[in-house]
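Working notes, beginning with the structure itself.
The values are calculated or read from the model by the stated rules, or taken from the named source; none is laboratory data. Predicted model only: the values in this text are computed from it and were never measured. No Cβ is skipped: glycine too gets one built from the backbone with ideal geometry, and neighbour counts run over all protein chains shown.
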Amino acid sequence: MPIRLNAAPTFADRLREADRTLFGMWSCAGSPLVAEICAGSGLDIVLVDGEHSPVGLESILAQLQAVAAYPAVPLVRAPFGDTVVLKQLLDLGAQNVLVPMVDSVEQAEAVVRAVRYPPQGIRGVGSALARSSRWSRIPDYLARASDLVSLTVQIETVEGLDAAAAIAAVDGVDALLVGPADLAASMGLLGQQNHPDVIAAVEGVIEAGRAAGTPVGVNAFDPATADRYVAAGAAYVLVGADVTLLARASEALAGRFIGTVSDGPAPASY
């Protein structure tokens, strides 16, 4: 008899059941080993980045396999809301997908269709060949697929900001994520994601999501800003990234032992 498997709870399930704000970090290095280290940290979410990171499908698959042994829920950001890319991510077993740069209800509805099978959507049917169904070892995968996948869309522009309340109300959008860096740029405040106007805009999206019953998260690597968003009602906050933690920690080592690079000799080569 073949083994029958259960799908893991989705990101939407975790948000629904949470009695506190969830916290997570980005996995951007493209390394399954680093993703596994992040997953074992005690944080709630590991967000595998397929937009700004040097990763392909094989790397994303390996990271999902590494994270699967830990309680942290994996979320995968697609490079953009392309139907084929989303199909590939879902088929390789990404239950929880994040689509960046969603600016309108029409875009949100299109990505909802992309992650659902007909007749509700247009996702191509290849589950018997794919890890998503564990090669048909998850009973009734096709019939239950909509409940086994969660969709988060990212609000990152002034246009998305204006449409945030309507996007939050789209059936099939399980959560929103605000990207303050791109939002700041769209607002004419490039590099100023902690500007009061940007923070106020983020808090407006959080409030719009709460009114629609849709959880809203935000990227906030500054602890004080993260605390402010928690107080404003953010359902989840991404508080760091593997590559930035490594960059800052390695700089701290260099500063402690040899001063700044410009002040001292170049580090020895090994």
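Details
- A count restricted to segment 151-183 and to residues that are in a helix (DSSP H, G or I) and either in contact with a Phe, Trp or Tyr (Cβ under 9 Å, 6 or more places away or on another chain) or farther than 18 Å from Ala12 by Cα (or both) stands at 12.
- Residue check, Gln88 farther than 17 Å from Ala8 by Cα, outside any loop (DSSP other than H, G, I, E, B) and under 17 Å from the mean Cα position of the chain (by Cα): yes
- Taking first residues from segment 24-40 that are at negative phi and in contact (Cβ under 8 Å) with a residue 24 or more places away in the chain and partners that are assigned to a strand (DSSP E or B) and polar (S, T, N, Q), the Cβ contacts under 9 Å between residues at least 6 apart in sequence or on separate chains come to Trp26/Asn219; Val34/Ser27; Ala35/Ser27; Cys38/Ser27; Ala39/Ser27.
- When His52 is tested against (1) touching a helix residue (DSSP H, G or I) at 6+ places or on another chain (Cβ under 9 Å); (2) closer than 20 Å to Leu238 by Cβ, only condition (1) is not met.
- Of all the listed residues (Val84, Val105, Val34, Val111), the sole one being crowded, with 20+ Cβ neighbours inside 10 Å and among the aliphatic types (A, V, I, L, M) is Val111.
- Residue count for segment 12-48, restricted to those that are in contact with a strand residue (DSSP E or B) (Cβ under 6 Å, 6 or more places away or on another chain) and within 18 Å of Ala241 (Cβ to Cβ): 16
- Residue count for segment 54-81, restricted to those that are under 13 Å from the mean Cα position of the chain (by Cα) and surrounded by fewer than 20 Cβ atoms within 10 Å (Cβ to Cβ): 2.
- Within segment 191-202, restricting attention to residues that are of a type outside the set (S, T, N, Q) and in contact with a strand residue (DSSP E or B) (Cβ under 9 Å, 6 or more places away or on another chain), the residue that is farthest from Ala12 (Cα to Cα) is Ala201.
- Taking the criterion of being among the basic types (Lys, Arg) and in contact with a Ser or Thr (Cβ under 6 Å, 6 or more places away or on another chain), the only residue of segment 82-116 that qualifies is Arg116.
- Filter pass, Arg137 being over 19 Å from the mean Cα position of the chain (by Cα) and either surrounded by 15 or more Cβ atoms within 10 Å (Cβ to Cβ) or closer than 22 Å to Arg14 by Cα (or both): no
- Test for Glu207: is it farther than 17 Å from Pro100 by Cα, outside any loop (DSSP other than H, G, I, E, B) and modelled with pLDDT of 95 or more: yes
- Hey, Arg20 closer than 24 Å to Val230 by Cβ, part of a loop (DSSP other than H, G, I, E, B) and either over 16 Å from the mean Cα position of the chain (by Cα) or not β-branched (Val, Ile, Thr) (or both) or not: yes
- Val76 among the hydrophobic types (A, V, I, L, M, F, W, C), in contact with a strand residue (DSSP E or B) (Cβ under 7 Å, 6 or more places away or on another chain) and farther than 19 Å from Arg134 by Cα: no
- Selection status of Ala69, part of a loop (DSSP other than H, G, I, E, B) and either closer than 21 Å to Ala175 by Cβ or touching a residue at least 40 places away in the same chain (Cβ under 8 Å) (or both): no
- Within segment 108-150, if we keep just the residues that are β-branched (Val, Ile, Thr), touching a residue at least 24 places away in the same chain (Cβ under 8 Å) and part of a loop (DSSP other than H, G, I, E, B), the residue that is farthest from Asp171 (Cα to Cα) turns out to be Ile138.
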